[in-house]
Amino acid sequence: MVLKLLRIPAMLFFLLCLSNYRLPAPFAQNTPAEGEMFPELKLSMPQKMEQRDYLNVDRSPFLLSEVDSEVLIVEIFSMYCPYCQKEAPNVNALYQAISASPEIKSRVKMLGIGAGNTSFEVNAFRDLFRIEFPLIPDADFGVHKILGDVRTPYFFVLWKKPTGRQVVYSRAGSIGDPEAFLELVCARTGVDRRK
């Protein structure tokens, strides 16, 4: 009888291991928190020339520190994530708000990293949701693992410092109102949107 009762938890544990289940973000060990320095990442070059120019990178792989901006908003997304799909209009509106502001458009940039997504999947997501900022594939989950296997969508706001990029925002879920989020980004980084 006791042996039969032990089979159930053992079977559940076995199935859990087979399913490649990831612990939710609160249990992730390596997720960069606000106030910490963001790890240096090697990323593949965006395929489109205008996106390379936007980031001001010219070699592949490029280092995140080579992106030419004071502030970098990084979204970890997946093509298959329904929450990421729902969030696409918000990130598009955020990108448009940044691009429309001459005071900040060269100082604040955006970058998406497709967790577990190939170039084909990233391009399909870009085309389907008309994403204008660079999206980079992370087909082998390498970057995703470095960042603590975060849930998607996950947003980091990184502020350039002499020693690297400091995390000033680190959260899963929606950014909410894009204008309010941009105000938060500017407030935390000291970027002035006024003329």
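Just so you know, all these numbers are worked out from the coordinates, no wet-lab data involved. Owing to the predicted nature of the structure, the values given are computational and were not obtained by experimental measurement. Cβ atoms come from the backbone with ideal geometry, glycine included; neighbour counts cover every protein chain shown.
Taking the beta-carbon count within 10 Å as an exposure proxy, list M110, M49, M37 from fewest neighbours to most. Please list the in-between numbers first.
On the way: M110 24, M49 8, M37 13.
With the sparsest Cβ surroundings first, the list reads M49, M37, M110.
Here the scattering of the range 32-189 is modelled by Debye summation over its C-alpha atoms, one equal scatterer each and no solvent; at q = 0.14, 0.16 Å⁻¹ the log10 of I(q)/I(0) is -0.62, -0.85.
Straight Cα distances below 14 angstrom link K42 to the aspartates and glutamates D58, E66, D138, D140, with same-chain residues fewer than 8 positions distant left out.
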